[in-house]
1. So which residues in region 91-115 are closer than 20 Å to Val67 by Cβ, surrounded by fewer than 22 Cβ atoms within 10 Å (Cβ to Cβ) and at pLDDT 95 or above, if there are any at all?
2. Within the group Lys150, Lys111, which residue is of a type outside the set (Phe, Trp, Tyr) and more than 20 Å from Cys86 (Cα to Cα)?
3. If Leu79 satisfies every condition in (1) at pLDDT 95 or above; (2) more than 19 Å from Ile4 (Cα to Cα); (3) not aromatic (Phe, Trp, Tyr) but one, which is the exception?
4. With a cut-off of at least 3 residues that are aromatic (Phe, Trp, Tyr), name the strands (runs of 3 or more DSSP E) lying wholly within region 58-154.
5. So Ser126 ticks every box in (1) surrounded by 20 or more Cβ atoms within 10 Å (Cβ to Cβ); (2) over 17 Å from Thr15 (Cβ atoms) but one. Which box is left unticked?
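The values are calculated or read from the model by the stated rules, or taken from the named source; none is laboratory data. Everything numeric in this text was worked out from a predicted model, so none of it was measured. All Cβ positions, glycine included, derive from the backbone under ideal geometry; neighbour counts span all protein chains shown.
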Amino acid sequence: MKKIILIGRSEAGKTTLTQALKGETITYKKTQYINYFDVIIDTPGEYLQTARLGSALALYSYEADVVGLLASSTEPYSLYPPNITCMVNRDVIGIVTKIDDEKGNVKQAAKWLELAGCKTIFYVNSKTGEGVADILEYLREPGDVMPWEKEAPN
Ligand SMILES: Nc1nc2c(ncn2[C@@H]2O[C@H](COP(=O)(O)OP(=O)(O)O)[C@@H](O)[C@H]2O)c(=O)[nH]1
Ligand SMILES: [Mg+2]
């Protein structure tokens, strides 16, 4: 699996998504599976909340194959400057979290991630695991067997 680093403000849902991706349990086509991939680097939100976001991103992204920029549906404004992705020598994907929140605005969060430069955007509810399998598929490399593809034990 490719390794992803998660960036986002405090409360964006990085740690919860990390748990969901590491797969305490993940939901795929309505069935739950346990996942054992160790594919994630969780970061403190403070990186995003400083003026030096660009250099922090550039530095830490070297540890990973993919950078995931998070925006939750409930964020009041975006902390991402336009086209921040050009600072990073890695693939950058956008991840909208808390898509289940009634007070959230999923479209607005996705727009902010697009403005930041994300070409691909994923949508997740880390609490139920909805959408999490799509990110794992994106991180998949040739030869990787996904948890839901393993044969059921007899
Ligand atoms: N409803 C809902 N709540 C979420 C989701 N992801 C995270 N949360 C909640 O949002 C809060 C902050 O999440 P956390 O993962 O600690 O954010 P972090 O600061 O970015 O690591 C916690 O109370 C989580 O339970 C989600 O997809 N849906
Ligand atoms: Mg956290």
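1. Ile93, Ala110, Lys111, Trp112, Glu114, Leu115
2. On the way: Lys111 fails: more than 20 Å from Cys86 (Cα to Cα).
That would be Lys150, the only listed residue that is of a type outside the set (Phe, Trp, Tyr) and more than 20 Å from Cys86 (Cα to Cα).
3. Of (1) at pLDDT 95 or above; (2) more than 19 Å from Ile4 (Cα to Cα); (3) not aromatic (Phe, Trp, Tyr), only one is false for Leu79: (1).
4. Numbers: elements: 66-72, 91-97, 120-123.
It comes to none.
5. (2)
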